[in-house]
């Protein structure tokens with residue numbers, strides 16, 4: 001489901017829990033969530049605090065998404081975290 005399809009389906013209540021989490025993660029990844037109406041940003045922050053979504057480069061170990069990544073691609077979460085840390089160090093972030 002692309003971004004526009006997700007937003008349209010979400011607005012009319014046609015997304016299930018998994019689609020909502022994945023859709024919001026996509027909006028967070030692109031940064032678009034912070035430009036949409038306020039309820040999107042608030043929902044994104046709620047999902048981040050609950051561990052269902054993460055800010056790119058800051059995926060907390062033990063989050064719902066990291067568990068899914070680990071289940072489908074063992075070791076990927078650790079590799080992603082190491083790459084994100086290296087990127088932050090190289091770019092002074």
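Hey, does segment 49-71 have a residue that's within 20 Å of residue 4 (Cβ to Cβ), modelled with pLDDT of 75 or more and surrounded by 15 or more Cβ atoms within 10 Å (Cβ to Cβ)? The answer is yes; a qualifying residue exists. Being in contact (Cβ under 8 Å) with a residue 12 or more places away in the chain and outside any helix (DSSP H, G or I) is the filter here; which residues of segment 1-31 pass it? If the condition is that a residue be in contact (Cβ under 8 Å) with a residue 12 or more places away in the chain and outside any helix (DSSP H, G or I), then 1 is the only one that fits.
Taking segment 1-33 as the range and being closer than 19 Å to residue 57 by Cβ and loosely packed, with under 13 Cβ neighbours inside 10 Å as the test, the residues that pass are 30, 31.
The values are calculated or read from the model by the stated rules, or taken from the named source; none is laboratory data. Remember, it's a predicted structure, so these values are computed and weren't measured experimentally. Cβ coordinates were reconstructed from backbone atoms using ideal geometry, including for glycine residues, and neighbour counts include every protein chain displayed.
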